[in-house]
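Trainee: The structure's right below; bear with me while I get my questions together.
The values are calculated or read from the model by the stated rules, or taken from the named source; none is laboratory data. These numbers were taken from a predicted model, which means no experiment stands behind them. Cβ sites come from the backbone with ideal geometry, for glycine too, and all protein chains shown count toward neighbours. These accessible areas exclude ligands, DNA and RNA; they are computed on the full protein's heavy atoms, side chains included. Shrake-Rupley method; radii C 1.70, N 1.55, O 1.52, S 1.80 Å.
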Amino acid sequence: STISINSLKSSLLKLECHFTWTLLKQDVDLGHLEETVDDQIEFFIESNIANYNLLSYVCHLKGSNEEALGNLQKAEAAAQKNHPDETDWRILVTWGNYAWIYYHMKRYEEAQIYINKVENSCKKLSSTAQWKIQLSEMYAEQGWALLKFGRKYYKRAKDCFETALKNEPNNPRFNAGYAIAMYRLEDLSLRQCEEIDPSFEPLKRAVELNPKDTFIMALLALKLQDLNQADEGERYIKEAMQITPDLPYVQRYAAKFYRRKGEVDKALEILKKALAVTPKSAFLHHQLGVCYKVKLYQLKNTKRFPPQEQVEKVIRLAIFHLKTAIVQKTKFFAAHMELANMYAQGKRYKEAEETFQKALQINILFDDDKQNYYYHYGNFHHFHMKMESEAIKYYLEGLKIEKESYGRNLCRNALKKLLKKRIRRGLEDATDFGTLGLVHNLSGEKHKAIECYEKAIALCPDNEEYLSALCELRLSI
């Protein structure tokens, strides 16, 4: 009857599980997510209940509910095996997911059975000391799931781990989750030119609480490298590589560390080793592509005429790995940008253009991604296609997005440089002065903007656009 379905739905919405955590399908690349969770199940034993729960939800989003149920059974089995005395509260999220999947399969009686299981368990637990721990576990599991769904979710992930830590401030896993969330948020805010609480302390604390967590150790090493303490960082990298020599999750960050240190060959060697273990990893293929890009720059900078076959080989390898990365992870924006630039380096302009177009169609781009995009696309027109006016158009698009970011700064600087160069060449063009006026205006440099607009009007006295811009500026000062 409909009443039971309505009451069923309202009970379902009260459950704490992946279905009630607003994890949206359109924000991730499901195939890639499935791949990474599979890898993690293989390499990280301790969080497998959470991984199977997440995998089950991903299967549901992909439309295979039977497979989703299979993963929930695996989650139960993992709980039974690793926590035989406390399976009840370890799998409340699993039971919640069961209820939702049965509901979607229109198997309402079974959905109700799992709702009852959760409710009874909660009643039984709510008077015990276990209850606080259980709540923290749920928040942490939500935090891990949020981290997997991409940057839109990082702030919520941080909040979840913070809540979990209120009850258990010394829990190593919660501290690790919190540190990862902080590390990623800090990385984003640097791109957006914001200041944020640094992740150094949380990372250090997580490593102190669990000196065997080599994944966090590798992140701490990268953080130390950012803070110009590379020697200290390298100590952690070496230790992590000693404890878990074959863990691809540590190798990928170790490679990043050595690439940034300038030891590209060492980075390549580590990445190839990791790739043998997880051959489909988009992250590893992207990092390999970036390493070959660095090798290309080294070749071009050290020799005035580097051997053509060497240049071609490096470009070919970079393209191969970057293409593989975006096949594995179709919404991988950074890899699209690197690939488009590599095609341009190899004079494969048609493919470069196609890759730029594909990158702009990714549906999860943020403002700073778009600014970055226009900067690179502008460069493509400027340096490869030799079309200055097109380049100016795209740099401007980036600057017009008014969120401060690293990419916006690049657009601004490229515009100023290019426009001043054109003006110096003595091709006194009103448009160039007008555009430079706009650039200064968008950058908040009003007096410089006024000067430029005055020069533009001197060359083109009847231009409405310049006159009204000048008028507005004078009024605003």
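Trainee: Is the shape of the range 1-126 rounded, prolate or oblate, going by the alpha carbon gyration tensor and its root eigenvalues a ≥ b ≥ c, with a/c under 1.5 for rounded and a/b larger than b/c for prolate? Can you show the working numbers first?
Mentor: Working: a/c = 2.07, a/b = 1.20, b/c = 1.73.
Oblate is the answer for the range 1-126, as a/c is 1.5 or above yet b/c matches or exceeds a/b.
Trainee: What list of ³J(HN,Hα) values in whole Hz, one per residue of the range 164-180 in order, does the Karplus curve 6.51 cos²θ - 1.76 cosθ + 1.60 (θ = phi - 60°) give from phi, with Gly and Pro shown as x?
Mentor: 4, 6, 4, 7, 9, x, 9, 5, x, 5, 5, 5, 5, x, 4, 5, 5
Trainee: A further question on this structure: Over 28 Å between Cα atoms, which of Lys261/Lys403; Lys393/Lys455; Lys223/Lys329; Lys303/Lys403; Lys166/Lys403 qualify?
Mentor: Over 28 Å Cα-Cα: Lys261/Lys403; Lys303/Lys403; Lys166/Lys403.
Trainee: When ranked by the protection proxy of mean other Cβ atoms within 10 Å per residue, highest first, what sequence do the peptides 316-329, 29-42 form?
Mentor: The densest-packed peptide leads the list: 316-329, 29-42.
Trainee: While we're here: Give the shape of the range 431-476 as rounded, prolate or oblate, defined through the alpha-carbon gyration tensor: a ≥ b ≥ c are the square roots of its eigenvalues, a/c under 1.5 means rounded, and otherwise the shape is prolate if a/b is larger than b/c and oblate if not. Can you show the working numbers first?
Mentor: Numbers: a/c = 1.98, a/b = 1.34, b/c = 1.48.
Oblate.
Trainee: Moving on. Mind scanning Lys204/Lys266; Lys256/Lys417; Lys313/Lys417 and naming the pairs with a C-alpha gap bigger than 28 Å? Walk me through the numbers on the way to the answer.
Mentor: Working: Lys204/Lys266 26 Å; Lys256/Lys417 32 Å; Lys313/Lys417 33 Å.
Violating the 28 Å Cα-Cα cut-off are Lys256/Lys417; Lys313/Lys417.
Trainee: Next question, about the same structure. Helix-derived [θ] at 222 nm for the chain: sum -39500 (n - 2.57) over DSSP H runs of at least 4, divide by residue count, nearest 500? Can you show the working numbers first?
Mentor: On the way: 25 runs with 364 residues, N = 477.
After summing the helix terms and dividing by the residues of the chain, the value is -25000 deg cm²/dmol.
Trainee: Along the Cα→Cβ direction, 7 angstrom out, place labels at Lys272 and Lys303. What is the inter-label distance in nm?
Mentor: Those two pseudo-labels are separated by 2.0 nm.
Trainee: Tell me the carbon and sulfur percent of the accessible area for the range 280-357, rounded to whole percent, probe radius 1.4 Å.
Mentor: So the carbon and sulfur contribution to the accessible surface is 56 percent.
Trainee: Which one, (i) 37, 28, 23; (ii) 48, 29, 22; (iii) 35, 27, 19, gives semi-axes √(5λ) of the Cα gyration tensor in Å as derived from the coordinates shown?
Mentor: It is the one labelled (ii).
Trainee: Sticking with this structure for a sec: Considering only protein heavy atoms and a probe of 1.4 Å, how much of the accessible area of the range 366-427 is carbon and sulfur, as a whole percent?
Mentor: Values: 1620 of 3090 Å².
Within the range 366-427, the accessible surface is 52 percent carbon and sulfur.
Trainee: In degrees between 0 and 90, to the nearest 10, how far off the longest principal axis of the chain does helix 248-261 point, with axes built from Cα atoms?
Mentor: Here the helix axis deviates by roughly 20 degrees.
Trainee: How much area per residue is accessible in the range 280-357 when the probe is 1.4 Å and only protein heavy atoms are counted (Å²)?
Mentor: Working: 3900 Å² over 78 residues.
Heavy-atom SASA per residue in the range 280-357 reads 50 Å².
Trainee: Could you tell me whether the range 277-413 comes out rounded, prolate or oblate from its Cα gyration tensor? Rule is a ≥ b ≥ c as square roots of the eigenvalues, rounded for a/c under 1.5, then prolate if a/b exceeds b/c, otherwise oblate.
Mentor: Oblate is the answer for the range 277-413, as a/c is 1.5 or above yet b/c matches or exceeds a/b.
Trainee: Can you give me the angle between helix 446-459 and the longest principal axis of the chain, using Cα atoms only, in degrees from 0 to 90, rounded to the nearest 10?
Mentor: That works out to roughly 40 degrees.
Trainee: Next question, about the same structure. Sorted by accessible area with a 1.4 angstrom probe, largest first, how do Met387, Met337 fall?
Mentor: Of Met387, Met337, the descending order of accessible area is Met387, Met337.
Trainee: Give the accessible surface of the range 33-78 per residue, rounded to a whole number of Å², with probe radius 1.4 Å and ligands, DNA and RNA excluded.
Mentor: 39
Trainee: Per-residue accessible area for Glu472 at 1.4 Å probe radius, Å² rounded to 10?
Mentor: 130
Trainee: Let me ask you something else. Of the heavy-atom accessible surface of the range 107-261 (probe 1.4 angstrom), what whole percent is carbon and sulfur?
Mentor: 51
Trainee: Can you sort Lys238, Lys420, Lys158 by 1.4 Å-probe accessible area, starting with the largest?
Mentor: If we order Lys238, Lys420, Lys158 from most to least accessible, we get Lys238, Lys420, Lys158.
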